[in-house]
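Trainee: Sharing a structure here in C-alpha cells format.
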Amino acid sequence: MQAFDFINDVAQWAGDLLPQWDLLPPTEGGVKFKPGAKIKELKPGHIYWWWPATTKVVTIPIKRQTLSFTQRLTTADDITIVAEIVVVFVIDGVIRALVETDNFDSTVVEVAQKITIKPITSRKFDKIREDMATSNE
C-alpha cells in the first residue's frame, strides 16, 4: 500500500508543475494570489489558467445571497426585544470581499448589527410594531 501512496504523491507533485485551467461559473467571482503578493481578479464566466505550485485560487458566490442572525436590543421605552435580522446582498467587489476582509460573512453580520441598533434603540416599542405592520424595514 505504501508504494501506491508514494506513486500518488509523485503524481500529485508532478501535476502541480503543470498549468491548470478552470471555468469560473457566472455566479462566482474569484481571486488569484500569485508570488510577490500579486493579486488578479477572476471575472465570472471566464476561463482562467494557473500554476498550482505557485498560485492559490479563491472563489466566492457573487449573486444575491441572504444571511440571517438574531440580535437582542432594548427599545427607547426599556423593552427588550429579540430581532431576527435578514440581510440580502450581492458582492460587487470580489477583491474587497476576499482580500480586504478576513472573514466576509462575519463582516457582513457586524455591519448589519451596527445598522440595526439605532432604528430599534431610538424608538418606542409601540412605534416599532406600528412600523412593522406597514413596512418591511
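Condition check ((1) in the same structural domain as K32 (by TED's automatic domain parsing); (2) among the acidic types (D, E); (3) modelled with pLDDT under 90) across all residues:
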{"position": "I81", "(1), (2), (3)": "no, no, no"}
{"position": "D92", "(1), (2), (3)": "no, yes, no"}
{"position": "L98", "(1), (2), (3)": "no, no, no"}
{"position": "D105", "(1), (2), (3)": "no, yes, yes"}
{"position": "V108", "(1), (2), (3)": "no, no, yes"}
{"position": "A112", "(1), (2), (3)": "no, no, yes"}
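Trainee: Can you confirm whether region 57-73 contains a residue that is on the phi > 0 side of the Ramachandran plot and charged (D, E, K, R)? Let's see the steps before the verdict.
Mentor: Kept after step one, since they are on the phi > 0 side of the Ramachandran plot, are these residues of region 57-73: none.
Within region 57-73, not a single residue is on the phi > 0 side of the Ramachandran plot and charged (D, E, K, R).
Trainee: Against the condition outside the structural domain of G93 (by TED's automatic domain parsing), modelled with pLDDT of 95 or more and either β-branched (V, I, T) or touching an Asp or Glu at 6+ places or on another chain (Cβ under 9 Å) (or both), how does V31 come out, does it pass? Step through it out loud before you land on a result.
Mentor: Details: outside the structural domain of G93 (by TED's automatic domain parsing): yes; modelled with pLDDT of 95 or more: yes; either β-branched (V, I, T) or touching an Asp or Glu at 6+ places or on another chain (Cβ under 9 Å) (or both): yes.
In short, yes.
Trainee: Next question. Name the residue that is surrounded by the most Cβ atoms within 10 Å (Cβ to Cβ), counting only residues in region 80-121 that are more than 30 Å from M132 (Cβ to Cβ) and among the β-branched types (V, I, T). Walk me through it before giving the result.
Mentor: Taking region 80-121 first, the residues more than 30 Å from M132 (Cβ to Cβ) are 93-103.
Restricting the remaining residues to those that are among the β-branched types (V, I, T) gives 94-95, 99, 101.
Values: V94: 20, I95: 13, V99: 14, T101: 13.
My answer is V94.
Trainee: Now a separate question. Count, please, the residues in region 7-52 that happen to be in a strand (DSSP E or B) and free of Cβ contacts under 8 Å to residues at least 60 places away in the same chain. Step through it out loud before you land on a result.
Mentor: Filtering region 7-52 for residues in a strand (DSSP E or B) gives 20-23, 28-34, 38-42, 47-50.
Subset that is free of Cβ contacts under 8 Å to residues at least 60 places away in the same chain: 20-23, 28, 32-34, 38, 40-42, 47-50.
So the count comes out to 16.
Trainee: Residues being more than 16 Å from D92 (Cα to Cα) and surrounded by fewer than 16 Cβ atoms within 10 Å (Cβ to Cβ): count how many of those fall in region 28-46.
Mentor: Going through region 28-46 one residue at a time, the tally reaches 7.
Trainee: Also, quick follow-up: Could you tell me how many of the residues in region 100-137 are outside any helix (DSSP H, G or I) and either small (G, A, S) or more than 11 Å from the chain's Cα centre (by Cα) (or both)? Outline the logic, then answer.
Mentor: Kept after step one, since they are outside any helix (DSSP H, G or I), are these residues of region 100-137: 100-103, 122-124, 135-137.
Applying the additional criterion that residues be either small (G, A, S) or more than 11 Å from the chain's Cα centre (by Cα) (or both) yields 100, 122-124, 135-137.
Qualifying residue count for the region: 7.
The values are calculated or read from the model by the stated rules, or taken from the named source; none is laboratory data. Since the model is a prediction, treat every value here as computed from it, not as a measurement. Cβ: placed from backbone, ideal geometry, glycine included. Neighbour counts: every protein chain shown.
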